[in-house]
Amino acid sequence: MAADPKRFLRYLKAERSAAMLYRALAGTVQGDRRDALLELAEIEEQHAAHWIDKLTENGVPVPPAPTQLDPSDAALVARARGAGFADVLRHLEAAEGADAGMYDEEPEAPTSMSDDERDHIEVFQQMRTSLQPDGSTAPVAPLPPRRAPSPGDGEPWHRGDRSGSTRAAVFGVSDGLVSNTALVMGFAGAAPDNRTIVFAGLAGLLAGAFSMAAGEYVSVASQRDLFRREIEMEASELREKPEEEQKELELIYRAKGLDRAQAAQVAERIMADPKTALDTLAREELGLDPDGLGNPVRVAISSFVAFAIGASVVVIPFLFLSGTPALVLAITMSMVALLVVGGVVGRLSGRGVVFSALRQLAWGVGAALVTFGVGRIIGISVG
């Protein structure tokens, strides 16, 4: 970072422009969103005052405050007046996101200033998600005290999978079935010897299952470590800056539609219990569920077992039969299994049982035909 104090001029210009934009946009909306925009403008003006002080300390002349919006901001305000405030929220969110780290390496910027800039992104995100397609505001009730969910809670169509084991099992069966069917069909086309086919099938089963389990374990463990670090950082901010975190919660709930008094009341009640406050901030600010960060061991085991089950379908016929009967039975069992697995995936995803089943069958049969053809060509050429 250069020591030239004239860099403060750039910061001052950005903060003044943002404050003017938010005040102008506040004139396009009513109620809580107007209040939230005016409050954001006040924060930007406080930032501007900080840079004015720094410029004065370093003997750099402070330019006069602008009296009108720059052309791009003026166009944005005109768009908000014409198409509605909801139409510009994504632009505001993106603009704040681009500037979120502008003070991270600036030694003259207080830590709270960087936090404020990131909080603004969250405010605009909450404003956007609380708007209905017609531009109206979705009603939001004050949050009730949290309690630990019981196994039967929630609507039946919401299937919980906090550990990720269900997802790993479903994809494990699918991958094992498709990949090992293709592998065995390739060997069946090249060398119709049962011992070779069974050996190849078992080798593919074990190699794929271990690879799948290891990949799932590393993926979920790494993700959980990252999420835990985010939550630990939030806990540190909660201990060191409780007033700022409470203000942040208040802004979030105001952006969701609560009025100033309700948002302050809800934020104050949440902050009264540090555990509840951390849980709420993790969910509302970080978008994380502290109770559902995933279990890498369980996911790895589910993935291993599921892949092995899927991969074993095509091998079983060759353990008891040989030649054409074994091949026909293996093809039949694999096609039925592909339809069943595809249907289960469609049922869980809501995409449609028939569509998902046929899609799974098409991919599995396509892969098997390709490898069988390649195996037959290689077998003939080598033989």
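Values in this text are rule-based calculations from the coordinates and carry no lab data. Just so we're clear, the structure is a prediction, and the values are computed from it rather than from any experiment. Note: ideal-geometry Cβ built from the backbone for every residue, glycine included; neighbour counts use all protein chains shown.
Descriptive notes on the structure:
- Entry for the range 240-383 at q = 0.12, 0.16, 0.21 Å⁻¹: log10 I(q)/I(0) = -0.72, -0.94, -1.22, Debye formula applied to identical alpha-carbon scatterers, no solvent contribution.
- Once the Cα-Cα distance is subtracted from the 0.36 nm per residue extended length, the LEU206 to VAL218 segment shows a gain of 2.5 nm.
- Packing, as the average of other Cβ atoms within 10 Å across residues, places the peptides 227-237, 61-71 in the order 227-237, 61-71, highest first.
- Label separation (THR276 vs LEU329): 6.3 nm, computed from points 7 Å beyond Cα along the C-beta direction.
- R0 of 45 Å, Cβ-Cβ distance VAL374-VAL340: FRET efficiency to nearest 0.05: 0.95
- Compared with the alpha-carbon gap, the fully stretched path from ARG269 to GLU232 is longer by 11.2 nm at 0.36 nm per residue.
- Ordered by the count of other Cβ atoms within 10 Å of each Cβ, fewest first, SER334, SER219 give SER219, SER334.
- Inter-label distance, nm, simple model (7 Å from Cα along the C-beta direction), PHE320/ALA74: 8.2 nm
- HN-Hα J in Hz across the range 16-24 - Karplus 6.51, -1.76, 1.60, θ = phi - 60°, x for Gly and Pro: 5, 5, 5, 4, 5, 4, 5, 5, 5
- Sequence ranges 40-50, 177-187, ranked by mean other-Cβ count within 10 angstrom, highest first: 177-187, 40-50
- Histogram of C-alpha separations across the range 226-284, 10 Å bin width, %: 25, 54, 19, 1
- Rounded FRET efficiency, nearest 0.05, which uses the C-beta distance separating LYS241 from GLN30 and R0 of 41 Å: 0.85
- Computed from the Cα positions only, the extents of the range 332-373 along the three principal axes stand at 35, 16, 11 Å, in decreasing order.
- Counting neighbouring Cβ atoms within 10 Å and putting the fewest first, the residues ILE121, ILE316 line up as ILE316, ILE121.
- Taking other C-beta atoms within 10 Å as the exposure proxy, TRP51, TRP363 rank TRP363, TRP51 from fewest upward.
- Spacing of the modelled spin labels on ALA362 and ASP225, each 7 Å from Cα toward Cβ, amounts to 4.1 nm.
- Estimated FRET transfer efficiency when R0 is 22 angstrom, pair VAL62-GLU105 (beta carbons, to 0.05): 0.40
- Cross-link reach list, lysines versus LYS241, counting only Cα pairs under 21 Å and skipping chain neighbours closer than eight places: LYS275
- Looking at the range 7-129, the pairs of alpha carbons with a distance over 21 Å make up 37% of the total.
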